[in-house]
Amino acid sequence: MVNERVIIINRKKKTKKIIKFFLIIFGFVLILSLSFLSGFFLNRNIEKSKLKNPLENFTLVKSNGNINNSFIYEDIPELNKDFIDYLLIEFDVSNLHNSFLGEPPIIELEIDEEFWTSEIIKGIPNTEKEKADDADLLISVSEKDLIEILMSEDLNDSIEQSIRDNEIQFEMIATKIELFSKGYLEMYNRLIK
């Protein structure tokens, strides 16, 4: 009888220890998961009002005598990283984030056969004039179209129209799963509405 009591008490103690152990592990995993996932769901938007359009003070002038009524650009500066960064922020890359494996989003832009690579670090584009080795996405646009987009009165409508007219083209380089894990799907859905 005494032996049975000791066995029952030992079983209860063992069960309580196992339950406590699993509760501690579950709590630790829950806290770790929440802190990890919070980085994906925090809004890291760069305030667009703080960004300055690099072509804000320039105007388009109608070309005289040109048959196709094209525009000429007076004193437009040479294409630089400010153009690219501003366009990418308008594309809403500030919501892109590292993949589950910690790899940052990398976007390559081809503008009139010149390549620019932008690595998105904590929602901010870090752009260099170079061809990317491991880009996730390739965006192709002509410099003329880029300038017209940046000089338009309604930038968002101009971007959407340029995508519909195939003036801006997207090419997936990374797998769909990798693009999804970095937030490209949300960016793409916002762009094509």
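Residue-by-condition table, conditions (1) among the β-branched types (V, I, T); (2) over 30 Å from L32 (Cβ atoms):
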residue	(1), (2)
E103	no, no
I121	yes, no
A135	no, yes
S140	no, yes
M151	no, yes
F170	no, yes
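What number goes with the only condition from (1) under 24 Å from E113 (Cα atoms); (2) hydrophobic (A, V, I, L, M, F, W, C); (3) under 13 Å from the mean Cα position of the chain (by Cα) that F180 does not pass?
All conditions pass for F180, except number (1).
Considering each residue of segment 141-161, count those that are closer than 21 Å to K52 by Cβ and of a type in the set (S, T, N, Q), and give that number.
Within segment 141-161, residues that are closer than 21 Å to K52 by Cβ and of a type in the set (S, T, N, Q) number 3.
Could you please find all residues in segment 146-169 being touching a strand residue (DSSP E or B) at 6+ places or on another chain (Cβ under 9 Å), closer than 18 Å to I192 by Cβ and crowded, with 16+ Cβ neighbours inside 10 Å?
Of all residues in segment 146-169, those touching a strand residue (DSSP E or B) at 6+ places or on another chain (Cβ under 9 Å) come to 146-149, 151, 162-163, 167-169.
Those left that are additionally closer than 18 Å to I192 by Cβ: 149, 162-163, 167-169.
Residues satisfying the conditions are I149, S162, I163, E167, I168.
None of the figures in this text is laboratory data; all of them are computed from the coordinates on show. Just so it is clear, the structure is predicted and the values come from calculations on it, not from any experiment. Cβ: placed from backbone, ideal geometry, glycine included. Neighbour counts: every protein chain shown.
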